[in-house]
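Quick notes on the structure that follows.
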């Protein structure tokens, strides 16, 4: 089979022919219908400092946002059958640590990530533990099925451990409109935000934010986003700020546009420590700063199924590009250009 | 001034001329622009068993769903000024009991109700404590302003003590589509219910439920509502059931259509004790049965302002009739007929 | 091996010799060190109406509160090893229904119960799925290890889906002081209840309630428990009522002793429908009535380990009797007498 | 009357004779029985950068932790009567902003602080709005009554917006054992923490932490507190970290000793921005960082009354010094020395 692999510790990725792997105990083999590209994949592709420090073994096939058809099952597989069309939960959890055993598998103490710690989905086939598969609702088309992972990040960020009480009727700011931020705009809209403000410097993505339902799009290269949010909220600030940029300065701005008693969720990953005015912007405001990672296994998937299958959120504007596996470099170039939403690889078309 | 008063312990109400009352310490005088009729008012009008046992002093002007203009203020009034257009929170709370002091004024231990325990709003003017007034957003028209009270019941029922997490992406059933049930359909829709099922035997109200956004309207006189809800939810039951009928048998049905782990909120007031299968329908399901009364003071009002002023919920289909104060009997007849949504009295038009 | 089996649809249980079972895929074989007797077992022993309707296949070994040593493992067992000392989570869940997949395995849609739907632990050996085992903290002795199941009922009832906020500093009433009620007294004490009131007619158990830390024990055969709780709480009622009796009339009393805004958890299983005054005791009070069953898998077990292993709760007063497997009838007689707390069978001593 | 006033923008405070003030509308006059000294008072006394920037008008009597007897009431006072013994809620709220109207008066948008924005309690008498008084339970002695304010900070930090679920059965770290940290040790103990670890460099306060119930006291000048907490928690980290030091570096340490999924509450006020490793210590851990200020009005006071009046928390070890108003400088010296817990002024003894 073909696989896009990281063969050495340098930029780029090679299309190689390797044997189709065989599923072990509890595993299934998936024929990849669609694999979308994540920002993490761009780090690995470029082999930056983070990737060099994080990736343990080479060669490795990367890609973790995958959907496809189960074509073989290993021993000890009891529920999923051949022919099932599934999407991948890329967080492989141990199932026995104290976090797994209290229902928080997504922050398992022994977490391994598909396409980072083991071979992923930029290939014709991928192996996945049965318990990491989610059968896709038939109303959801294959390419959309591949974005469950990042869409789930957005849904989990909004739902905040099961609680959307602070989103419904609130002013919600989304900082950074990459695909996850764009999804978050749509989800906030769907669950009753009063007002959705998107902050994004890239014009292409500003346009997508509007199409996803943002009431106001602020260009931080042209105006002060803190002032813009305060003005849009009558001086009170936003009850909810969703941080998707991972930029330290933007995170600090987020705290300043937050209303008293507000909630700021951090999903974007800053590469350096971040300096915050805790006294005035967090403590006296009694603000809540919530780290968010992955998505709840599988509650978020149940919520996603509803949002995607019923049409409550239409993610199609965000999916801007589709490429065959051969045009991998082109796909990464488009993604790096910023003139794209979600870029999807379709190995078998 | 004119006032529709209960002058004796019999059915009906008399239009009398009485002096305009003077606001005492902390009170304001409101010129009534609109007063809508509640089911409670119908009980008082008919002077049924409940009314005879509940109303302590006669004569009394009834009506508690009121909006109008502040035309005079008493001593000790510090915030509201003449000319303000306000809606009435009809739950008069003591402010000093342990519930008031922990932010739950709506279940104050010393609660008094406007139009039940003291003179209400079916009149040209009404007296209200300043702290029971809510300045109406100018985007909300006067007749809509008068339905804050029942709309707030619906919003508070949905928001469930600040938590809509179980409504967003869930199947929600509304049992009984009087005005509060109809509002609940619209609010559930606005905050991201996956599916809204209305159960209502009255055809006129079935039609209103559809207009408020119900996906499915079940006529319990024609089909078994429990079977209908189970079928509509793939056999799982509804995650959220909102009980607005106050009928014992319907409440019992509600528990049977509830999903495992679901929530049923009770707002409708049964006149007799209710018999429930707690073991199978509540305990083994680990269901939550939540009593709901009034609305949070004033968090629910903030939420209502958003929902009404931004157009997230359009309540105008529910407001079906408007009458001058003189045509009071006609208004009550229309309301009793069941061929109505909300019926509003407009004293000064 | 020896097993106490229900061999036919009549009262009693027979001690028979049967082959030691072999663990299948994902299963382990446990040598039973201690098996405690639950009220459910008494129903099965007596073969009452409930048992006759519930038990599907005979013969069957009953008993589900079990602890012991893993002596063999089947295929597909990956974590637990021979020699581990484990306690049994008796709720066998499917792992793939929508409730299992959202972390609520204890209310799985396909739940099977150890000792009810399949052979249980009143025997020398018992088979259990690996994922239903919990390794017992070495600070907890074997007989105490066997009461994780009912102790977990108490802990789960108190923790109420992860929230003890209404127990700390509150007045807590425990209705019915069988073993679970007695455990609840101790747990309420340990997590900061202001006042723990136990309601129990049996003098032997009243004494145990005092030993577990009850501030006040009310004998409902001698005084009105509603009046007693109101008096003990300055007329306000208790913020938390934990119903462990399963008696309809007691449940109704529970609602009447509940404070405004209070919470009543129902764990006891009434055998008939229960009639409640919902209007005055639930709706106007804005009370929460919460069904409770089983225990969270495995969050409750983590909490239990802390409570038992650190000595925060001392359950030893509740364990009043220990018998070898031969003296089974005697054990059931003691249990039926009411002059007992928890009765434990020790097959291998 | 005598008052300790800040008469000019320099260090120190003058004991002056001024007329007894008269209570205005809604206000009461309190004869001060006890006034305890807060760290904030030390800032004002020393007239540091913060004080110089914060205090708007001089002269001003400072001190906000006050208890005493109501000796006169102004007009518009309806509940509190002469002779009542009250403690002061020092956060004067407007009652009409959106935060006040949703039950969060302690983060009112128009907050004024007793002894900072208006004359406080280091005097024979102090004026307070009636609605800022709390009648003290008679079981609580006068000097203890004066520490409701800082004790309430601790209680509010632990109760975390009404939720102690993460404290019960958890490992709790208290960073910084000034009086509030010491109180927090006692409260964590009372509501069921599994383990309470205090981190404090001052030996005098280490000893007080042990007396308040800390299981382990870590001296950060002698060992790495992060390593110590990880070791004490089997490498998992603490589920709850309560930050009372206000030192940036300590806050950063707090995030590193926090367990996955843990909660860190920030009450101490850092004077400069703080640099945090958000990616590894907050986001990947899915940690919650919660700002905390003041105390809930009056829910925290209800909780405090229970904790203090029933003896669930004994705060007397923390109250180490008592002085008459004349020995004010001595009191501040003791407090600045670090060899003290809470220092209380007793004007009328």
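Once a ≥ b ≥ c are taken as the square roots of the eigenvalues of the Cα gyration tensor of the range D:96-171, is the result rounded (a/c under 1.5), prolate (a/b larger than b/c) or oblate (a/b not larger than b/c)?
Oblate, because a/c is 1.5 or more while a/b does not exceed b/c.
State, to one decimal in nm, how far the label point of residue C:302 lies from the label point of residue C:71, with both points 7 Å from Cα in the Cβ direction.
Output for this residue pair reads 3.3 nm.
By per-residue mean of other Cβ atoms within 10 Å, what is the highest-first order of D:169-179, C:231-241?
Values: D:169-179: 28.3, C:231-241: 19.5.
My ranking of the peptides, most packed first, is D:169-179, C:231-241.
What order do you get for A:315, A:187 when you list them from fewest to most C-beta neighbours inside 10 Å?
Ordered by Cβ neighbours within 10 Å, fewest first: A:315, A:187.
Over all residues in D:91-101, what is the mean tally of Cβ atoms on other chains that come within 10 Å of each residue's Cβ?
Mean inter-chain Cβ contacts per residue within 10 Å come to 3.
Evaluate E = 1/(1 + (r/R0)^6) for residue D:231 and residue D:337, where r is the Cβ-Cβ distance and R0 equals 45 Å; express this FRET efficiency to the nearest 0.05.
0.90
Would you mind giving the mean number of other chain beta-carbons within 10 Å of the Cβ of each residue in C:187-199, as a whole number? Don't jump to the answer; show the numbers that get you there.
Details: counts 3, 1, 1, 4, 9, 16, 4, 7, 2, 0, 0, 0, 0.
Mean number of neighbouring Cβ atoms from other chains: 4.
In degrees between 0 and 90, to the nearest 10, how far off the longest principal axis of chain A does helix A:299-309 point, with axes built from Cα atoms?
Compared with the principal axis, the helix lies near 90 degrees.
Using R₀ = 56 Å, calculate the FRET efficiency as 1/(1 + (r/R₀)^6) where r is the Cβ-Cβ separation of residue B:57 and residue C:16; round to 0.05.
0.15
Whole angstrom only: what separates the Cα centroid of the range C:32-47 from the Cα centroid of the range D:242-315?
Between the Cα centre of the range C:32-47 and that of the range D:242-315, the gap is 46 Å.
For residue A:139 and residue C:50, FRET efficiency with R0 = 51 Å and r from the beta-carbon atoms, rounded to 0.05?
So the FRET efficiency works out to roughly 0.75.
Restricting to Cα atoms and excluding each atom paired with itself, what does the Kirkwood estimate give for chain D in Å?
20.6 Å
Could you list B:342, D:210, B:6 in order of exposure, starting from the residue whose Cβ has the fewest other Cβ atoms within 10 Å?
D:210, B:6, B:342
Rounded, prolate or oblate: pick one for the range B:45-130, where a ≥ b ≥ c are the square roots of the eigenvalues of its C-alpha gyration tensor, a/c under 1.5 means rounded, and failing that, prolate if a/b is larger than b/c, else oblate.
In terms of gyration-tensor shape, oblate.
What is the order of B:64, C:43, fewest Cβ neighbours within 10 Å to most?
Ranked by crowding around the Cβ, least crowded first: C:43, B:64.
Using just the helices of chain B, give the 222 nm mean residue ellipticity in deg cm²/dmol: DSSP H runs with n ≥ 4 each add -39,500 (n - 2.57), and the total is spread over all residues, rounded to 500.
-7000 deg cm²/dmol
Cα centroids of the range B:148-215 and the range A:110-156: how far apart, whole angstrom?
Distance between centres, Cα-based: 35 Å.
At 7 angstrom along the Cα-to-beta-carbon line, where would the label on residue B:48 sit relative to the other copies? Give the distances in nm, shortest first.
Label-point separations across copies, in nm and ascending: 3.9, 6.7, 6.8.
Considering every residue in C:287-299, what mean count of other chain Cβ atoms within 10 Å of its Cβ is obtained? Could you put the intermediate results ahead of the total?
Values: counts 5, 7, 10, 8, 17, 4, 7, 2, 0, 3, 3, 6, 6.
Shielding by partners across C:287-299 averages 6.
Out of all DSSP beta bridges with both ends in the protein assembly as shown, state the antiparallel percent to the nearest 5.
Of all bridge pairs located within the protein assembly as shown, approximately 55 percent are antiparallel.
What are the distances, in nm and sorted shortest first, from the label point of residue D:138 to the label points of the same position in each other copy, with each label point placed 7 Å from Cα along the Cα-to-Cβ direction?
5.5, 5.6, 7.5
In terms of the Cα gyration tensor, with a ≥ b ≥ c the square roots of its eigenvalues, is the protein assembly as shown rounded because a/c is under 1.5, prolate because a/b exceeds b/c, or oblate?
The shape class here is rounded.
Rounded to whole Å, how close does chain C get to the rotation axis onto A by Cβ? Give me the residue too, please?
C:103, 2
Please report, for residue D:348, the nm distances (one decimal) from its label point, 7 Å out from Cα along the beta-carbon direction, to the equivalent points in the remaining copies, shortest first.
5.2, 7.2, 8.6
Which one, C:52, C:123, C:67, has the greatest fluctuation when you compute a Gaussian network model over chain C with C-alpha springs under 10 angstrom?
C:52
In degrees between 0 and 90, to the nearest 10, how far off the longest principal axis of chain C does helix C:179-190 point, with axes built from Cα atoms?
60 degrees
Quick check: the angle from helix A:148-159's long axis to the longest principal axis of chain A, C-alpha only, nearest 10 degrees?
That works out to roughly 30 degrees.
Readers should treat all values here as calculations from the given coordinates under stated rules, not as data from a laboratory. Because the structure is a prediction, the values reported are computed rather than measured. Cβ atoms come from the backbone with ideal geometry, glycine included; neighbour counts cover every protein chain shown.
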